[in-house]
Amino acid sequence: MKYIRLVSFILVALLFLTSLTVLASSSKQIKLTIGSDVILVNGSPLKMDVAPFIKNGRTFVPLRFVSEALGAKVDYTSKPDGTTDEVFVSMGEEQAQVSQWVEVARWEGNSTKNTETFHIPSHDWRITWQANPEGDTEGNFAIYVYSASGEMVDLVANIIGKGGDTSYMRGAGDYYLEIISTFEKYLIIAEAKTS
């Protein structure tokens, strides 16, 4: 039994020491080296724009390069600010959707208010917001998230002046927002992640 554990330990150690990730399809083999921006496809080198890395014990690889090296087609959709919103990976007739966000509710205004209750059907959701001062006055802007029963869930924004961000939330259910705005024009969008 000690011999099996020793062999297992040596194999795991060799994997981490060499820091190589090898993926294969029926007709292609790709090899990525942690920290290197060169991918080998059937032995031929190609340069990637980002290298694979390990963070918190997990290996991260560039989805587009790995997918395309295996013969897949990768499509993206973008939000108005240019950041990626959805990624689609197609292998032949099949298509795997990596993520999609669906707008649940939207609020625009410049005054303090409690929103109507809105329903989040999935476990993962987000609130994206943008606030801009009106005129020369820098106002205060805050967003509090409450469950439909009135329990405060989170404070997702609290700024003075111009700003914007996206806060990721967890938990399906019914919610409402308390928006505090003094001299700030705002846009808030709540989106749920679909599978």
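Only the coordinates and a few stated rules stand behind these numbers; no lab work does. The structure presented is a predicted model; accordingly, all values stated were derived computationally and were not measured. Because the Cβ atoms are built from the backbone with ideal geometry, glycine has one as well, and the counts that use them run over all protein chains shown.
Side notes on the structure shown:
- Annotation: the residues L46, L70, sorted from fewest to most other C-beta atoms within 10 Å of their own C-beta, follow the order L46, L70.
- Loop-resident sites, region 128-174, for GluC sites (Glu not before Pro), counting at most 10 other Cβ within 10 Å (DSSP): E151
- Taking 0.36 nm per residue of separation and subtracting the current Cα-Cα distance, fully stretching the chain between E108 and I34 would add 22.1 nm.
- Neighbour-count ranking [beta-carbon atoms within 10 angstrom, fewest first] of K185, K162: K162, K185
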